[in-house]
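Read the structure below first, then the notes.
The values are calculated or read from the model by the stated rules, or taken from the named source; none is laboratory data. No experiment lies behind these values; they were computed from the predicted model shown. Here the Cβ is made from the backbone with ideal geometry for all residues, glycine too, and neighbour counts use every protein chain on show. Accessible surface areas use protein heavy atoms only, side chains included; no ligands, DNA or RNA. Shrake-Rupley method; radii C 1.70, N 1.55, O 1.52, S 1.80 Å.
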Amino acid sequence: MSFNAGHQPQNSPATDADGIRELETIPSVEVISRAAVMLMSAGAERLGLADVDPDNSPRRDLDEARRLITALAGLVTSSAEYLGAHAGPLRDGLQSLQKAFREASAVPDAPGQGPGEKYTGPVH
């Protein structure tokens, strides 16, 4: 599924003069999914997962990753009932980030204390 609003045809009823979809025409599940994908991507970047060697990534910032993962957990957990088929893959992505965070931490958090675990429960 593509979330790039800029790829909508010019002058279609759901676009403005620049070919950008008007916010009011975007279904809520798409807005929530876009936000989740952005948080997930940013969290992965802050964990250094986009680099060949995440442990030595110049982008690695575990404090920032913790905040992004916690925000993602809150969004996914609170909106799961509205996400339908999108909920499962978003939960899986969230759990992968939580596990990657635990592996990246020099001193891992206690179960239930990791990023977002107050919303998702402990991740092992």
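Could you list all residues from segment 18-38 that are outside any loop (DSSP other than H, G, I, E, B) and of a type in the set (D, E, K, R)?
Within segment 18-38, the first condition is being outside any loop (DSSP other than H, G, I, E, B), and the residues that meet it are 21, 23-25, 28-38.
Result: R21, E24, E30, R34.
Do you know which residues across segment 92-121 are surrounded by fewer than 18 Cβ atoms within 10 Å (Cβ to Cβ), outside any loop (DSSP other than H, G, I, E, B) and not hydroxyl-bearing (S, T, Y)? Outline the logic, then answer.
Kept after step one, since they are surrounded by fewer than 18 Cβ atoms within 10 Å (Cβ to Cβ), are these residues of segment 92-121: 92, 95-96, 99, 102-103, 105-113, 118-119, 121.
Right, trim to outside any loop (DSSP other than H, G, I, E, B) and you get 92, 95-96, 99, 102-103, 118-119.
Within segment 92-121, D92, Q95, K99, R102, E103, K118 qualify.
Going by the structure shown, is G6 modelled with pLDDT under 95, part of a helix (DSSP H, G or I), over 22 Å from E103 (Cβ atoms) and not hydroxyl-bearing (S, T, Y)? Before the answer, list the steps.
On the way: modelled with pLDDT under 95: yes; part of a helix (DSSP H, G or I): yes; over 22 Å from E103 (Cβ atoms): yes; not hydroxyl-bearing (S, T, Y): yes.
Considered against the rule, which asks whether it is modelled with pLDDT under 95, part of a helix (DSSP H, G or I), over 22 Å from E103 (Cβ atoms) and not hydroxyl-bearing (S, T, Y), G6 comes out as yes.
So, of the residues in segment 39-63 that are open to solvent by less than 60 Å² (accessible area, probe 1.4 Å) and part of a helix (DSSP H, G or I), which turns out to be modelled with the lowest pLDDT?
P54
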